[in-house]
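Reading through the structure tokens given below for one structure.
The values are calculated or read from the model by the stated rules, or taken from the named source; none is laboratory data. Just so it is clear, the model here is predicted, and its values are computed rather than measured. Here the Cβ positions follow ideal geometry from the backbone for every residue, glycine too, while neighbour counts run over all protein chains shown.
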Amino acid sequence: MAATDLLDKGAVLQRDKETYAVVPHMPGGLVTPAALRKIADVAEKYNAAALKITSAQRLAIVGLKEEDLDNVWKDLGMKPSAAIGLCVRSIKFCPGTTFCKRGQQDSVGLGLKLDERYHGLALPGKFKMGVSGCANSCGENHFRDVGVMGTPKGFRLMVGGNGGVSPRLAQTIYDGLDEEQVLEKIDKIIKVFAENAKKHERLGRFIDRIGGIEEFKKMLEE
């Protein structure tokens, strides 16, 4: 099977170079009991090696045979998560004011809207977003290409964070935003990045290349 076909199926080749993992899409890790039962049934039916809760709030079914992939997705009846490739990955978000006593802003509502808008969107480089409802930053907003953090006065928007070989912290560019303002600003960030970044370039490196955070803000406001 061609690599592009495997990518479309959300299949990730494993260390043994023979089996694959698939990751059903579950925005922010929110999942129904029925979906969990279905995932467990599929894992047993196709003799998966493991079920792995990922750091991106997903549940990976690991150790599947290539010839079973089509039937796995048919039985699941779920969409693949954007786990690999040059695109917007699953949006990570914490419980926020929906569930958490410490939440100061609605990270779940915002995270779901961002996921609906952008999940899987093709971009020059991989692109991660995290939304936290308070300064505890459980959505890891400081280590995302775009991070959003709830404060008592609204949302703080930051850009340019990432992990990897050269990790970096995101920088704050706007503060005290409401939800609609956050969505508007992120629309502009995505547009500028999509139109100007080089292939495989992360947002932080792009910002450095164009002259820093102030130059990036000018591009957003033009």
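So which pairs qualify, if the first residue must be in region 106-133 and in contact (Cβ under 8 Å) with a residue 60 or more places away in the chain, the second must be part of a loop (DSSP other than H, G, I, E, B) and among the polar types (S, T, N, Q), the Cβ gap must be under 9 Å, and the two must be at least 6 apart or on different chains?
Pairs found: ASP115/SER90; HIS119/SER81; HIS119/SER90.
Which residue, of LEU110, LEU76, LEU59, is within 20 Å of LEU177 (Cβ to Cβ) and aliphatic (A, V, I, L, M)?
After ruling out the rest, the residue left standing is LEU110.
Where residues in region 140-160 are farther than 14 Å from LEU177 by Cα and within 13 Å of the chain's Cα centre (by Cα), which of them is surrounded by the fewest Cβ atoms within 10 Å (Cβ to Cβ)?
Residue satisfying both the conditions and the ranking: PHE143.
Scan (1) surrounded by 20 or more Cβ atoms within 10 Å (Cβ to Cβ); (2) out of contact with any Gly (no Cβ under 8 Å at 6 or more places or on another chain); (3) at pLDDT below 95 for the single condition TYR118 breaks and write down its number.
The single condition TYR118 does not satisfy is (3).
Specify the residue that is surrounded by the most Cβ atoms within 10 Å (Cβ to Cβ); the eligible residues are those in region 164-222 that are polar (S, T, N, Q) and either touching a helix residue (DSSP H, G or I) at 6+ places or on another chain (Cβ under 9 Å) or under 19 Å from PHE143 (Cα atoms) (or both).
Checking each candidate, the answer is GLN171.
Any chance you could count how many residues in region 42-93 are surrounded by 14 or more Cβ atoms within 10 Å (Cβ to Cβ) and assigned to a strand (DSSP E or B)?
Residues in region 42-93 being surrounded by 14 or more Cβ atoms within 10 Å (Cβ to Cβ) and assigned to a strand (DSSP E or B): 13 in total.
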